[in-house]
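Structure record follows, encoded as structure tokens.
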Amino acid sequence: MQKQQILELVRQEVRSAVIARKEFIIAANWKMNKDKNDIIGFLKNLNKEKLENKNKIILFPPYPYLYLLEEQLRYSKALYGMQNIFWETSGAFTGEVSVEMALDFGCKYVIIGHSERRNILMETDEMAGKKVGACLQHGLSPVLCVGENLDERKFSHYKERIKSQIATALSQVDIEKTGKIILAYEPVWAIGTGMNASPEQVEEVHMFIRSVLDSLFGEKAAACIPILYGGSVKTSNVRDIAVAKDVSGFLIGGASLDFDEFKRIISLLDT
Ligand code: PEP
């Protein structure tokens, strides 16, 4: 056997050992996709799978289909949540959905500050902060998305951007509530583009995010905050990114829509 082949085998063994040891969060962001039949089919397939493994699966469907997840995932290990929330509890806020409504449907998680909401609907870090506060006040876990755009990456301003996104959105968070928070690093240039951040880029940013969290909450409280990576995750790159330091899981868009593809990703993160 060639030296290169031996090195590759060793690399694969080490990768498998690291993946087997880590407990990942595998979150599916369906955005404004799918219809009723498609979701019913997906959930039926998911219910046929044994999900008795170390990883946690969280589905984020469009609002109108939440009742299907409440019905179909009653006995499942899979969890679900909403793609957005409003910070007020009720009232004249046409088109908005409250934390209580999320709880009414059995949601445990809410995606906050996704770049599509920031860029298309002009959501700010301050708004993300209010939404995080509303979630934590009612025991829901916010999945706070942060990440730089292409120019910020090109001109090396990505750390400043990410730091200010985190500092503003989490500035009011009580240290006792950090156990509920999930962070998702989603570089805007990698979302839906097919161009993922490299494992080295992911590792660098995740370690940086960890240091920002440490300075906000102290090392001990910050240590329990998982950091997910999102941006063109697929079967071909998920294992390489999974072994990067401080990667606690994935927020997956496109590759989570098709059940078979999503299932392959789940299995790739099992062992
Ligand atoms: C996302 O929308 O959160 C995302 C990561 O999308 P994709 O996986 O399609 O890049």
key: FRET E, pair ALA92, THR193, Förster distance 30 Å, beta-carbon r, rounded to 0.05   = 0.20
ask   = Using θ = phi - 60° and the Karplus curve 6.51 cos²θ - 1.76 cosθ + 1.60, what whole-Hz ³J(HN,Hα) does each residue of region 223-229 get, with Gly and Pro shown as x?
value = 4, 8, 8, x, 10, 9, 10
request  = Take the Cα of ARG21, step 7 Å along the line toward its Cβ, and report every residue of region 235-258 whose backbone nitrogen sits under 20 Å from that point.
outcome  = 238-250
remark   = Between GLN12 and GLU200, the two model label points (7 Å from Cα along the beta-carbon direction) sit apart by a distance in nm of 2.4 nm
request  = Please give the net charge around LYS56, taking every other residue with its beta carbon less than 11 angstrom from that of LYS56, where Lys and Arg add +1 and Asp and Glu add -1.
outcome  = +2
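Between rounded, prolate and oblate, where does region 136-195 land on the alpha carbon gyration tensor, with a ≥ b ≥ c its root eigenvalues, rounded for a/c under 1.5, else prolate if a/b exceeds b/c?
Verdict is oblate for region 136-195.
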task = With a 1.4 Å probe and every protein chain kept in, tell me what percent of the accessible surface of the chain is carbon plus sulfur.
result = 53 percent
ask   = Taking a probe of 1.4 Å, how large is the accessible area per residue of the chain, in Å²?
value = 49 Å²
key: Global form of the chain, assessed from the alpha-carbon gyration tensor, a/c cut-off 1.5   = oblate
query = When the chain is modelled as a GNM with alpha-carbon springs shorter than 10 Å, which of LYS234, LYS130, LYS50 fluctuates the most?
reply = LYS50
note = For the chain the mean separation of alpha carbon contacts under 8 Å (6+ apart) over residue count, i.e. relative contact order in percent, is 20 percent
remark   = Long-range amide H partners of ALA184, meaning residues 5 or more apart or on another chain whose placed amide H is closer than 5 Å, are LEU144, CYS145, VAL146, LEU228
task = Please state the charge dipole magnitude for the chain, taken about the Cα centre, from unit charges on C-beta atoms (+1 on K and R, -1 on D and E), reported in debye and rounded to the nearest 20.
result = 680 debye
note = Once amide hydrogens are built 1.01 Å from N within the peptide plane, the residues lying 5 or more places from VAL233 or on another chain with amide H under 5 Å from its amide H are GLY253
remark   = HN-Hα couplings for region 78-93 via Karplus (6.51, -1.76, 1.60; θ = phi - 60°), in whole Hz with x for Gly/Pro, come out as 6, 10, 8, x, 9, 7, 6, 7, 10, 7, 7, 7, 6, x, 7, 9
ask   = If you find the alpha carbon centre of region 78-131 and of region 213-267, how far apart are they in angstrom?
value = 21 Å
request  = Would you be so kind as to identify which of LEU43, LEU170, VAL146 lies farthest towards the positive end of the dipole of the chain, taking Lys and Arg as +1 and Asp and Glu as -1 on Cβ and the Cα centre as origin?
outcome  = LEU43
note = Listed by chain and number, the lysines with an alpha carbon less than 19 angstrom from that of LYS31, same-chain partners under 8 positions apart left out, are LYS108, LYS131, LYS234, LYS263
ask   = Under a 5 Å amide H to amide H cut-off, with H placed in plane at 1.01 Å, what residues pair with ALA28 once short-range neighbours are removed?
value = ILE58, LEU59, PHE60, ILE252
note = Taking the dipole of the chain about the Cα centre (Lys, Arg +1; Asp, Glu -1; charges at Cβ), the one of THR235, THR193, HIS114 that reaches farthest to the positive side is THR235
Residue among GLU126, GLU148, GLU160 with the largest mean-square fluctuation in a Gaussian network model of the chain, springs linking Cα atoms under 10 Å = GLU160
inquiry  = With θ taken as phi - 60° and the coefficients 6.51, -1.76 and 1.60, list the Karplus ³J(HN,Hα) couplings across region 175-188 in order, rounded to whole Hz; mark glycine and proline as x.
reply    = 4, 5, 9, 5, x, 8, 7, 10, 9, 10, 8, 10, x, 4
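The values are calculated or read from the model by the stated rules, or taken from the named source; none is laboratory data. The model shown is predicted, which means the values in this text are computed figures rather than measured ones. Cβ atoms come from the backbone with ideal geometry, glycine included; neighbour counts cover every protein chain shown. In case anyone asks, the SASA skips ligands and DNA or RNA and just uses the protein heavy atoms, side chains included. Shrake-Rupley method; radii C 1.70, N 1.55, O 1.52, S 1.80 Å.
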